[in-house]
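The values are calculated or read from the model by the stated rules, or taken from the named source; none is laboratory data. Keep in mind the model is a prediction, meaning the values are calculated, not measured. With ideal geometry, Cβ positions are generated from the backbone for all residues, glycine too; neighbour counts draw on all protein chains shown. The area values use the complete protein model at the heavy-atom level, side chains included, leaving out ligands, DNA and RNA. Shrake-Rupley method; radii C 1.70, N 1.55, O 1.52, S 1.80 Å.
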Amino acid sequence: MNLDKNGLVIIGNGIAGITAARKLRQLHPKIRIRIISSESDLFFSRTALMYIYMGHMSLKDTQAYPKSFFAKKNRLELIKDHVDEIHIEAKELKLRKQAKIEYDFLLLASGAKYNKFGWPGQDSDGVQGLYSLQDLELLEKNTSKHKVNHAVIVGGGLIGIELAEMLHVRGIKTTMLVREKNYWNNVLPLEESQMINEEIREHHLDLRLETELKEILADKDGRATGVITSRDEKIECQLVGLTAGVSPRIELIKNSTIETQLETQRGILVDSHMQTTNKYIFAAGDCAQLRNADASPGPVEQLWYTGRTHGSVAARFIAKRAYEAENKNEQANSISAEPYNRGTHFNSAKFFTIEYQTYGQVTPKIKAGETFIWQDKKAKKLIRLLWNASSPERIITGMNFLGTRYRQNVCTEWIEKKKSLEYVVKHLAKASFDPEFYKPSYRSFQKAFKMPFELHRPL
Ligand SMILES: Cc1cc2nc3c(=O)[nH]c(=O)nc-3n(C[C@H](O)[C@H](O)[C@H](O)COP(=O)(O)OP(=O)(O)OC[C@H]3O[C@@H](n4cnc5c(N)ncnc54)[C@H](O)[C@@H]3O)c2cc1C
């Protein structure tokens with residue numbers, strides 16, 4: 001290995017790739033680190049894409065580090081190019097514009113792409129997803145250079161509702177086609193889903209539940225003019241947003257010896273140190289799929305926080321391996337290469353005006369007698385607690401908050417420390433951080449909770 005010359009090459013400058021680069025530089029000051037991306041010159045926050053379109057932020061506002069942070073402060077070399085091929089035996093990459101480059105270690109942090117399910121007309125002009133900066137530019141072009149009176153969004157996840165809000169702000173009438181009975185109810189329990197249904201409709205969106213896309217219609221120039229739904233309805237539109245989920249970008253290693261979960265088109269399989277089936281190649285973020293303890297494929301988690309943790313875990317392990325390769329045992333031993341630990345699940349989002357936070361395992365399938373919700377429909381607030389009824393203390397296992405904010409560190413600690421339901425209800429004030437002058441939601445929750453337990457509506 002020639003770590004000063006080849007070192008680590010990272011494909012992808014998203015949260016997973018950049019976290020890995022920063023962490024590795026802290027742990028190993030000398031190793032050469034190059035980061036390749038064909039999407040953008042600098043790392044930016046993908047979760048903030050909607051705010052650029054809505055005019056709340058510029059692209060620069062979403063870039064956490066200036067150019068000088070990379071080259072001058074941290075000796076991280078940025079390469080704007082596309083990797084076309086990986087030659088695993090030779091440990092080199094073929095780039096589209098520049099000469100091929102060699103690596104000692106390679107980190108695949110290539111992210112994801114939006115799904116297209118082979119719908120007739122899906123490649124027409126005016127049909128697009130929302131994942132990359134280029135998608136954002138295309139949306140800008142599609143909605144400003146072309147007259148869009150009506151848009152149809154296909155799919156009702158987090159990106160679907162963001163796109164709906166973006167179009168709403170520009171005054172574009174929008175229909176959302178959602179396969180499920182209620183918005184995102186493959187993830188949200190019924191009450192939460194129904195609350196978001198109402199929120200969407202309150203913003204004058206035409207929400208069509210249990211409805212899928214069948215076909216996209218186009219004119220003679222190949223531009224979208226409408227859709228046909230699974231209910232055989234025709235909806236005229238000039239823009240079709242495809243937001244029916246994303247899939248890991250794995251095309252670079254498709255015909256290689258690196259194992260993927262190919263049958264289901266999922267991610268690049270990695271162990272708990274983010275190592276693939278090749279000991280010099282690692283994967284992190286949206287493109288990676290962790291194996292379970294028994295080596296079977298675990299879930300793909302396409303979340304910002306997951307990408308960040310993946311990147312950090314990969315960097316620690318690569319640093320250790322790099323020192324070992326240099327026979328620097330003292331440095332190698334000083335690095336604790338902790339395996340990936342998913343920790344307590346957390347996610348947050350905003351559905352138009354309603355903020356959402358979730359902790360632990362809250363799924364739509366809740367067992368009877370294991371949940372309690374308090375809801376104020378008018379104020380658009382909801383708190384749900386979940387517990388394990390098989391334990392006499394009723395150990396808390398999950399929480400959902402809509403329209404009200406609770407502290408992440410406190411909620412996570414309660415789940416990790418296996419606090420009882422009664423403890424959590426009693427101490428809710430400790431986690432609440434609704435802005436001043438707001439009536440604190442925990443008081444209403446506690447009041448409702450004092451009802452005889454049998455009266456609580458089991459799901
Ligand atoms: C609109 C939107 C909103 C979101 N909101 C949330 C949210 O609220 N909360 C949350 O947790 N998550 C959210 N996510 C998901 C989150 O943004 C992703 O999980 C995360 O950004 C993935 O990071 P990553 O580093 O794995 O990959 P990416 O950020 O996708 O970075 C990968 C990079 O690699 C580049 N690349 C790929 N292949 C090549 C190649 N061959 N050559 C050169 N470059 C290549 C890509 O172009 C890309 O720039 C959202 C995603 C989107 C699109």
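Scan region 110-145 for residues that are among the basic types (Lys, Arg) and either touching a Pro at 6+ places or on another chain (Cβ under 9 Å) or over 15 Å from Gly245 (Cα atoms) (or both) and jot them down. Answer for region 110-145, where residues must be among the basic types (Lys, Arg) and either touching a Pro at 6+ places or on another chain (Cβ under 9 Å) or over 15 Å from Gly245 (Cα atoms) (or both): Lys113, Lys141, Lys145.
When region 185-213 is limited to residues that are in contact with a helix residue (DSSP H, G or I) (Cβ under 6 Å, 6 or more places away or on another chain) and assigned to a loop (DSSP other than H, G, I, E, B), the one that is nearest to Ala151 (Cα to Cα) turns out to be Leu205. A search for C-beta distances below 6 Å between a residue of region 299-314 that is over 18 Å from Ile10 (Cβ atoms) and any residue that is in a loop (DSSP other than H, G, I, E, B) and basic (Lys, Arg), counting only pairs 6+ apart in sequence or on different chains, returns Val300/Arg266.
The residue that is nearest to the ligand (Cβ to nearest atom), among those in region 290-312 that are closer than 14 Å to Gly267 by Cα and among the charged types (D, E, K, R), is Glu301.
Listed here are the strands (runs of 3 or more DSSP E) enclosed by region 237-297 that have at least 1 residues being among the aliphatic types (A, V, I, L, M) and without any contact (Cβ under 8 Å) to a residue 40 or more places away in the chain: 268-270. Of the residues making up region 66-124, those that are under 30 Å from Lys220 (Cβ atoms) and of a type outside the set (Gly, Ala, Ser) number 9. Scanning region 380-392 for residues that are free of Cβ contacts under 8 Å to residues at least 60 places away in the same chain and in contact with a helix residue (DSSP H, G or I) (Cβ under 8 Å, 6 or more places away or on another chain), which turns out surrounded by the most Cβ atoms within 10 Å (Cβ to Cβ)? Checking each candidate, the answer is Leu385. Flag not set for Ala16, criterion: surrounded by fewer than 15 Cβ atoms within 10 Å (Cβ to Cβ), within 16 Å of the ligand (Cβ to nearest atom) and aliphatic (A, V, I, L, M). Among the conditions (1) within 17 Å of Thr358 (Cα to Cα); (2) at pLDDT 90 or above, His427 misses just one, which is (1).
Would a scan of region 45-64 turn up a residue that is of a type in the set (A, V, I, L, M), in a strand (DSSP E or B) and within 25 Å of the chain's Cα centre (by Cα)? Checked region 45-64: no residue is of a type in the set (A, V, I, L, M), in a strand (DSSP E or B) and within 25 Å of the chain's Cα centre (by Cα). One residue alone among Ser58, Ser68, Ser45 is over 27 Å from Ser336 (Cα atoms), of a type in the set (S, T, N, Q), surrounded by fewer than 19 Cβ atoms within 10 Å (Cβ to Cβ) and near the ligand (Cβ under 10 Å from one of its atoms), and that residue is Ser45. Is it the case that Asn197 is modelled with pLDDT under 95, surrounded by 18 or more Cβ atoms within 10 Å (Cβ to Cβ), away from the ligand (no atom under 16 Å from the Cβ) and not aliphatic (A, V, I, L, M)? No, not satisfied.
Where strands (runs of 3 or more DSSP E) fall entirely within region 82-159, those with at least 2 residues that are in contact with a strand residue (DSSP E or B) (Cβ under 7 Å, 6 or more places away or on another chain), open to solvent by less than 60 Å² (accessible area, probe 1.4 Å) and more than 16 Å from the ligand (Cβ to nearest atom) are at 150-154. For region 20-35, the criterion of being open to solvent by 20 Å² or more (accessible area, probe 1.4 Å), part of a helix (DSSP H, G or I), at pLDDT 95 or above and within 16 Å of the ligand (Cβ to nearest atom) is met by at least one residue. Which residues, counting only those in region 318-370, are away from the ligand (no atom under 16 Å from the Cβ), of a type in the set (Ser, Thr, Tyr) and buried (at least 16 other Cβ atoms within 10 Å of the Cβ)? Listed by number, the list holds a single entry, Tyr323.
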